[in-house]
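This report concerns only the one structure given below.
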Amino acid sequence: MLRDILTQLPGYATWPCDEINYIWRHGNRDFPTDAIPPERATEPLARWIQARFAQIQRRSGAHTVVEKTCANTLRVPFVAACLPAHALFLEIVRDGRDVACSAAKRWTASLDLNYLWKKAKWVPKSDLPYYATRYLAARLHRLRSKERRVSTWGPRYEGMEEDLRRLPLIEACAQQWEECVLRCRDGLQAVPEERRLSIRYEDFVQDPLAGMATIARFLGEEWSADQLQPLLQGVRAGSVGNWKKQLDPETADRMEFRHAEALAWAASLAPSAAAPAQP
């Protein structure tokens, strides 16, 4: 959502696919999780990743390249070590119970060939056989699984396979959210304050103009309300709190207890500031 809004504004561009985890994992594709440690951000690898960003920048003529690979939440220090010192980090945090309900659907979704092809085009050629084998194994797992799910989806953290064995899928998704949120929170502490911003998804969708005003200040931009409003027409708050309808009371209680720290932190983020004035 946010990436799509930003990249419709002058000077901002991104890849023509949802995310580029294959690029981030190049050189570390065999690392067992997505929490790649910063010491693996070698100088040659950092140059290679920066060259991929520069390629998008040259093609688009943009001054800023926006990237939103979800797995980067597990490896902020690694990402920071790979990018230039002026790179900015913008985090949008959603209530984990809503995230779990949404993620569970992705774990059991049918094959989307168009989505897959868009991502596959950005896999480094030397890594294609490796990822093709992994993807086939994940789809075969779905055929055998009682929950009709793939073997892996989304950010991979240490202990995820065990959580998938011992927990119902919806609760494993909540654990996946917590791992991402808390590791991202902790990782961002090492990033200078002027280079990071965290906002709540719920605040943004309730008042997207105010949210974009906060983001504009962070990015040093001066977007007008007239400029932003057409881009925000599709932002809706209708999905906020859907977990109350989708989770049974026992599951909701377990999530609230098990993920109390992460839920409290997400709820504590400061709301967006005032929206830009009408011209």
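Just a few scattered comments:
- Exclusive hit being surrounded by fewer than 13 Cβ atoms within 10 Å (Cβ to Cβ), under 18 Å from the mean Cα position of the chain (by Cα) and assigned to a helix (DSSP H, G or I), set 136, 116, 140, 182: 116
- Of all residues in the range 108-149, those satisfying the criterion of being aliphatic (A, V, I, L, M) and farther than 18 Å from residue 22 by Cα are 109, 111, 140, 143.
- Whichever residue in the range 185-210 is assigned to a strand (DSSP E or B) and of a type in the set (Lys, Arg) and, among such residues, is surrounded by the fewest Cβ atoms within 10 Å (Cβ to Cβ): 196
- Counted residues, the range 3-37 - those being assigned to a loop (DSSP other than H, G, I, E, B), among the polar types (S, T, N, Q) and either in contact with a His (Cβ under 8 Å, 6 or more places away or on another chain) or closer than 20 Å to residue 184 by Cα (or both): 2
- Residues within the range 127-143 that are touching a residue at least 12 places away in the same chain (Cβ under 8 Å) and farther than 23 Å from residue 107 by Cβ, tallied: 1
- Qualifying residue in the range 231-254 (condition: at pLDDT 95 or above, more than 18 Å from the chain's Cα centre (by Cα) and under 23 Å from residue 64 (Cα atoms)): yes
- For residue 150: the one exception among (1) in contact with a helix residue (DSSP H, G or I) (Cβ under 9 Å, 6 or more places away or on another chain); (2) in a helix (DSSP H, G or I); (3) among the aliphatic types (A, V, I, L, M); (4) modelled with pLDDT under 95: (2)
- Evaluating residue 163 against the criteria (1) outside any helix (DSSP H, G or I); (2) closer than 30 Å to residue 254 by Cβ; (3) at pLDDT 95 or above leaves one unmet condition, (1).
The values are calculated or read from the model by the stated rules, or taken from the named source; none is laboratory data. These figures come from a predicted structure and were not determined experimentally. So basically every Cβ, Gly included, is an ideal-geometry build from the backbone, and we count neighbours across all protein chains shown.
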